Amino acid sequence: MTYKRKRHHKEDNYRRRQWNKKPKTKDLDQIDDDMKEENAQKLIHQEIDFDKPGLAQHYCLHCARYFIDDRSLKEHFRTKAHKRRLKDLETEPYTIEESERAGGLGSFSVAKKRKVETQECNSILENKPKEQKMEN
Ligand SMILES: [Zn+2]
């Protein structure tokens, strides 16, 4: 009896942990969309947002995460999580076209591999303060 109760309790905890999982981040196909030049520029150079960590000025495009400062963003670039993500993004997302090809319509082609590199970390340098001292 005791054993059973204990076990149930454990499961309960486990389930609760599942609920409390990290906030859901973007799906890989959404990130793929973000990686398009125009979207990427918009995301990396976001407007200052006081609700986001680091005022939304330190964003990792590939992981869809905000960082509090340039240093933590750079540190993140060196983490396993980030590198794994880059690798995941190297394979282009599965398309309907592709599944048709796999299903015998047209010729089969292997999912394209592409080089995904960490974004340049120069947002700080470019976001110069708007009010520049006038030297008269
Ligand atoms: Zn990242």
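Worth a mention:
- Tally of residues being of a type outside the set (Ser, Thr, Tyr) and under 14 Å from the mean Cα position of the chain (by Cα) across segment 58-73: 9
- Residues within segment 38-95 that are within 11 Å of the ligand (Cβ to nearest atom), assigned to a helix (DSSP H, G or I), more than 17 Å from residue 115 (Cβ to Cβ) and in contact (Cβ under 8 Å) with a residue 40 or more places away in the chain, tallied: 2
Just so you know, all these numbers are worked out from the coordinates, no wet-lab data involved. Worth saying up front: this structure is predicted, and the values here are computed from it rather than measured. No Cβ is skipped: glycine too gets one built from the backbone with ideal geometry, and neighbour counts run over all protein chains shown.
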